[in-house]
Amino acid sequence: MTDPKDRHPLYRGPGQSREDARGPRPPRRDDRQGPRPPRGVERAEPRPSRGHSEGREEESRPAKPKEFRIYGLNACLAAFKKRPEAIRKLWLLESRIPKLQELLAFCVRNRIGYNVVENEDLEKLTASAHHEGICLAMLPQPELNLSGWLMGAPAGRCLLLWLDGVGNPHNLGAIMRSAAHFGVAAILLPKDSSLSHSGAAARVAEGAAEHVPLVRLGRTDNAVAQLTSAGFSLVSTVVRGGSDVFRSELPERCVMVMGAEQTGVDSGLLAASGLRVEVPGTGQVESLNVSAATAVLLAEWRRQNGGS
């Protein structure tokens, strides 16, 4: 005899609901694919699963902005004056309290943590003996891209600085200081450059890091084409074989290209440069340090062009 349950797919036994009898419904198209994206927005490909829900939740959260530490009295005071909203924490020596009353009052008003610490604590926090009694944890300034920077670039006289192969953060800090002093509009960094905003660079820059933007480049040939289209001329520096910078006419819209001390400027950039210059000297040393040479070249451009 046929079991009653086999007579019809919707047969319900005692206490069994219609939904129980039917069994789980097959997933609808929308269930399988998730919520539909708004019109005009492409659906992103799903990330590979890590095998547990916590990993998936972490992947969906926005990345937390990375903080970094700057130190040195002038560097920290300049950052406080220019970007107080970026400050996240303050460490200071007791001896610095009288000098930092305004900064401390700002931290209290805005519930920003601060700690009075010992000298050895600051040395550990900054990895430097040159902390000058203060350290700030801050959000970094965003690096710009060349296309975005050029959209707001000043017309007329304008000086840019392209650092090709320069990798020492102390050199970057010294170059930033000269750049701010002589009116450089931006410092251009190759896409693979290790240079960026750092505590060491900010201390050596003595506050200049807040005034000279860093622009991260893409492909070298594209960057050269964009700059040329915007009316800039490249001037590359060489140790020998170039024109005397003090006897050369430097362009009003100028990109001064500085190379690494050991390898110099890349051959492709040299080929793209309309002018190659050197800083003449006695010959008793091979060349100047890249930051010292930069200061000389920027000063000469400003002398010829009357500032930016």
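The values are calculated or read from the model by the stated rules, or taken from the named source; none is laboratory data. Model, not experiment: these values are computed from the prediction. Reconstructed Cβ throughout: ideal geometry from the backbone, glycine too, with neighbour counts over all protein chains shown. Each accessible area value is taken on the protein alone, full model and side chains, heavy atoms only, with ligands, DNA and RNA left out. Shrake-Rupley method; radii C 1.70, N 1.55, O 1.52, S 1.80 Å.
In table form, for the structure just shown:
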{"quantity": "Pairs, first without any contact (Cβ under 8 Å) to a residue 60 or more places away in the chain in the range 111-128, second open to solvent by 90 Å² or more (accessible area, probe 1.4 Å), C-beta under 6 Å, six or more apart", "calculated": "VAL116/GLU94"}
{"quantity": "For TYR114: the one exception among (1) under 24 Å from HIS211 (Cβ atoms); (2) at pLDDT 95 or above; (3) aromatic (Phe, Trp, Tyr)", "calculated": "(1)"}
{"quantity": "Test: residue in the range 240-257 that is within 21 Å of the chain's Cα centre (by Cα) and surrounded by fewer than 20 Cβ atoms within 10 Å (Cβ to Cβ)", "calculated": "no"}
{"quantity": "Positions within the range 94-110 being loosely packed, with under 10 Cβ neighbours inside 10 Å and of a type in the set (D, E, K, R), in sequence order", "calculated": "ARG109"}
{"quantity": "Subset of the range 98-137 [charged (D, E, K, R) and part of a loop (DSSP other than H, G, I, E, B)]", "calculated": "ARG111, GLU118, GLU132"}
{"quantity": "Subset of the range 138-160 (residues that are over 16 Å from the mean Cα position of the chain (by Cα) and either assigned to a helix (DSSP H, G or I) or buried (at least 16 other Cβ atoms within 10 Å of the Cβ) (or both))", "calculated": "LEU150, MET151, ALA153, ARG157, CYS158, LEU159, LEU160"}
{"quantity": "Where a residue in the range 217-231 is over 12 Å from LYS191 (Cα atoms) and its partner, wherever it lies, is among the hydroxyl-bearing types (Ser, Thr, Tyr) and surrounded by 13 or more Cβ atoms within 10 Å (Cβ to Cβ), with Cβ under 9 Å and at least six apart", "calculated": "LEU227/SER233"}
{"quantity": "Condition broken by GLY199, with the remaining ones in (1) without any contact (Cβ under 8 Å) to a residue 24 or more places away in the chain; (2) touching a strand residue (DSSP E or B) at 6+ places or on another chain (Cβ under 7 Å) satisfied", "calculated": "(1)"}
{"quantity": "Any hit, the range 269-276, residues being in a strand (DSSP E or B), modelled with pLDDT of 95 or more and under 30 Å from the mean Cα position of the chain (by Cα)", "calculated": "yes"}
{"quantity": "First in the range 162-175 and within 22 Å of ALA272 (Cβ to Cβ), second anywhere and of a type in the set (D, E, K, R) and open to solvent by 30 Å² or more (accessible area, probe 1.4 Å), Cβ under 8 Å, 6 or more apart", "calculated": "ASP164/ASP266; GLY165/ASP266"}
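Matching residues to (1) within 22 Å of ILE70 (Cα to Cα); (2) open to solvent by 30 Å² or more (accessible area, probe 1.4 Å); (3) in a loop (DSSP other than H, G, I, E, B):
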position: GLY167; (1), (2), (3): yes, yes, yes
position: ASN171; (1), (2), (3): yes, no, no
position: MET176; (1), (2), (3): yes, no, no
position: LYS191; (1), (2), (3): no, yes, yes
